[in-house]
Amino acid sequence: MKTSSERKRELREQYKLMRPDMGIFAVICRPNSRYYLETTENLRGAMNSTEFKLNAGMHPKKALQKDWSEFDSKSAFSSKSNLMTWTNPGPATKMIWLC
């Protein structure tokens, strides 16, 4: 039977090896067919951050923020995401607003 400190060490090592889901997501404005694309190493965090910024009115992409404010965010917008596999870790966040 493992002692408590050995178990804690194992759990700590498992945590260090964990990586968040990496991927790409799109916020789609249906009324004008615009897409906002972002790739990130932390998919869930980036999606939460984007939604928070849009709801707070402080997203850096002004065209996206304008559309979010102009149209009803619940009915006019949808989002999609795709997971990617980890190959080369490093900063890889990119944002694009397609008109």
Rounded accessible area per residue of the stretch 6-90, 1.4 Å, Å²: 70 Å²
Neighbourhood charge, 12 Å Cβ-Cβ cut-off, centred on PHE71 and excluding it, Lys, Arg +1 and Asp, Glu -1: +1
Additional length obtainable on full extension of the chain from ASN55 to SER5, 0.36 nm per residue less Cα span: 13.6 nm
Order of exposure, largest accessible area first, which applies to LYS53, LYS2 with probe 1.4 Å: LYS2, LYS53
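Can you tell me the length gained on complete extension of the stretch ARG12 to SER81, counting 0.36 nm per residue apart and subtracting the Cα distance?
21.9 nm is the gain from fully extending ARG12 to SER81.
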Simple label model, 7 Å out from Cα along Cβ direction - ASP72 to ASP21, nm: 2.8 nm
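The values are calculated or read from the model by the stated rules, or taken from the named source; none is laboratory data. This is a predicted model, so every value here is computed, not measured. Neighbour counts run over all protein chains shown; Cβ positions are idealised from the backbone, glycine included. What goes into the accessible areas is simple: the full protein's heavy atoms, side chains included, and nothing from ligands, DNA or RNA. Shrake-Rupley method; radii C 1.70, N 1.55, O 1.52, S 1.80 Å.
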